[in-house]
Each structure stands twice: as C-alpha cells, then as structure tokens.
Amino acid sequence: MLEAAQQNATPHSQAQPPRLMDRVRECLQVNHYALSTERTYCHWIKRYIIHHGKRHPSEMGAAEVEQFLTHLATADNVSAKTQNQAMHAVLYLYKRVLGVDLPWLDGITRARESKRIPVVLTIRETQALLRHTHGTAGTIIKLLYGTGMRLTEGLRLRIKDLDIERREIIVRAGKGDKDRVTMIPASLIDELHDHIAARRVMHDTDLATGHADVELPFAIERKYPQAGKQWAWQYIFAAPTYSADPRTGVYRRHHVGEWVIQRAVKAAARKAGICKLVHPHTLRHSFATHLLEQGADIRTVQELLGHSDVKTTMIYTHVLNRGGRGTVSPLDRIMS
C-alpha cells in the first residue's frame, strides 16, 4: 500500500527542471548583469530560437549561430553594433548557460561598421538647454553635464557616494563594473545641499511608514539585512512614489526613472530651439568636448569618463570647434 502510494507520488514530487529562459535569467543575475542587459540578452536569445523554428539551442551549434548572425546583417540590415549585441547574447547562452564552447565564428557576414561623430552641443546651446530645466530633473541634468556621468550612473548614486566637502563623487560599478572618481561642480554645491536636505525628510517619512527599504547590490542584503533602511544606502535621486521591483516584485522606493530625464532633456532642447537630436548622453559628449576645448589633458578626460582605452576618448578630438583639424579654409584667406 505504502509502495503504491510512493510510486504514485513520484512523478508529482520530482521537481521539474527550470526552463531555458529561466536558466538564462538566473545566470545573468548571479553574474550581476544589469536588468537592461538581461532584457536585451533574453530578447536576442529568443530571436535566435524562433529564427530556427524553435529548436532547442543544445541541438544546434556554430553553423546555426553563423546563419542567424549573417541573416541579421544581410536580410534585416542591422547595424554592426546590433549584430555584435546579438552575437554576445547567443555566445553567452552557449558558454555560460549550456556550457558549450563554440569555435570561432569565421563564417559570419559582418554588418558594416559605421563611424559616427557624436552629437555635441556648443557652450551657448548648453546654457540655453540648462535654462529650461527645473526641479529634481534639472539638478540631475546639470550634474550629468557637469560630471560626464552616464544617465544610469547618475540615477544610481547613493548618499554615501557623495563627498561634498571634498567635492567628489564615486561612481560605483560603472561600465565594465569599474569604480571611478569624478568632480562635483562648485556651482551645484548649494543645489545638492538643498536636494539632500529634502531627500532626508522623504527618508524619515519612509522610515515612519515602514517603506524605507532600498535595493542593495550583490550579496549586501544577505550580509546586512538592515542596510537597506540606512540613510547612507538611499538613492540621492529617489522617485516620488513607490513601485514594484521588476525582478523581485518587492514594493519600495526606487530611483528616478530614466524616461523622466530623457523626456526632460528633449523638452528643454525643444524650448531652447536646439535643432539637434539631443538626449542625456549628449551631455556626456558635450562635457568631454568642452573640457578638451578648455585645454584639459586627454588622459584626464579619459579617467573622468571611465574609458578603458584612450582611443575611445580620441573621438572627441574630431568634434572640437576647429573644422578640418584646425586647417584654415582658403575662402577665409582670400576674404580676410
């Protein structure tokens, strides 16, 4: 009787193996990939599987990967950046999730790599744009231009990352999971003091209502269960309302959404009459270019931006206000 019951229970008691995409997400999270990267990788892995008639990736290999990436370049006409993004996602699936090392993919038709000059605002345009910013979004926009931080780096700043007395910001886990130090603009000191004072009042209210918990990086939450309620770990630029964490579903206060700043920058550029495609990353390009125009050393700019290779920073030498690499136009010679 007992044996029969155990036999009947066996199929139901055995845990089902996790689905492939669940394994992918778990692997990405264990390796501390950003949520945006997780979504991008999952998108391309699904595209790869659907492209091959929903066959399981373990039944495919280098030939199918090459065919998919070539199709993106030839049929879908994607950019080189997009094709590389798809390639990294699929290779991550094989190497990290399935434990399969694919041979070097020599048979791929590469998308043509375009060399684009970044959009840069002039000093006058930057001043006009900043005059049309206000509130918390305005403070963030000024800080992005004044420090050269990426949008996500600025939004993820925590109280402990600011040293106003030393006028320093520690940018934690930037691109490539690297920390770096950048400056706090002197013109923003008073504005940041006022913002942090108002942020402290918000935090005290959250403590009183039991909503002071904040997302913590890596394993800190397990090591220090109360750290999420501490003032030092709070986001400087907190959202005005609570929201559910997209990964855990926990309801708490997050940082200001990227879309808030993206819309604010576009609105300010429109009001300022700037006829360029302006977005938050344009402020980073402008920061680097204006520093070089002021005579800053390119190695200093490289460190402030967090570039691994100075060649990446060199792009800004091509957009300095010296058309034709400083060459004087022959028209200027005969008209002077």
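The values are calculated or read from the model by the stated rules, or taken from the named source; none is laboratory data. Keep in mind the model is a prediction, meaning the values are calculated, not measured. Cβ placement follows ideal geometry from the backbone for every residue including glycine, while neighbour counts extend to all protein chains displayed.
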Output for region 217-239, where each listed residue is loosely packed, with under 15 Cβ neighbours inside 10 Å and in contact with a strand residue (DSSP E or B) (Cβ under 9 Å, 6 or more places away or on another chain): 232
Positions within region 160-177 being of a type outside the set (Asp, Glu) and exposed (fewer than 12 other Cβ atoms within 10 Å of the Cβ), in sequence order: 166, 176
Tally of residues being part of a helix (DSSP H, G or I), acidic (Asp, Glu) and closer than 30 Å to residue 31 by Cβ across region 196-225: 1
Members of region 63-102 found to be among the hydroxyl-bearing types (Ser, Thr, Tyr) and buried (at least 18 other Cβ atoms within 10 Å of the Cβ), listed by number: 92, 94
Check on residue 155, crowded, with 17+ Cβ neighbours inside 10 Å, within 29 Å of residue 30 (Cβ to Cβ) and either assigned by TED's automatic domain parsing to the domain that holds residue 276 or basic (Lys, Arg) (or both): yes
Any chance residue 198 is more than 30 Å from residue 120 (Cα to Cα), more than 24 Å from the chain's Cα centre (by Cα) and hydrophobic (A, V, I, L, M, F, W, C): yes
Contacts under 6 angstrom Cβ, first residue in region 85-110 being within 25 Å of residue 18 (Cα to Cα) and assigned by TED's automatic domain parsing to the domain that holds residue 70, partner outside any helix (DSSP H, G or I) and small (Gly, Ala, Ser), 6 or more apart: none
Count of residues meeting criterion [surrounded by 15 or more Cβ atoms within 10 Å (Cβ to Cβ) and over 15 Å from residue 285 (Cα atoms)] in region 103-139: 11
Any pair with Cβ under 9 angstrom, 6 or more apart, that starts in region 207-224 at a residue that is closer than 17 Å to residue 245 by Cα and ends at one that is of a type in the set (Val, Ile, Thr): 211/205; 212/205; 213/250; 215/248; 215/250
Count of region 52-68 residues which are closer than 20 Å to residue 19 by Cβ and in contact (Cβ under 8 Å) with a residue 24 or more places away in the chain: 3
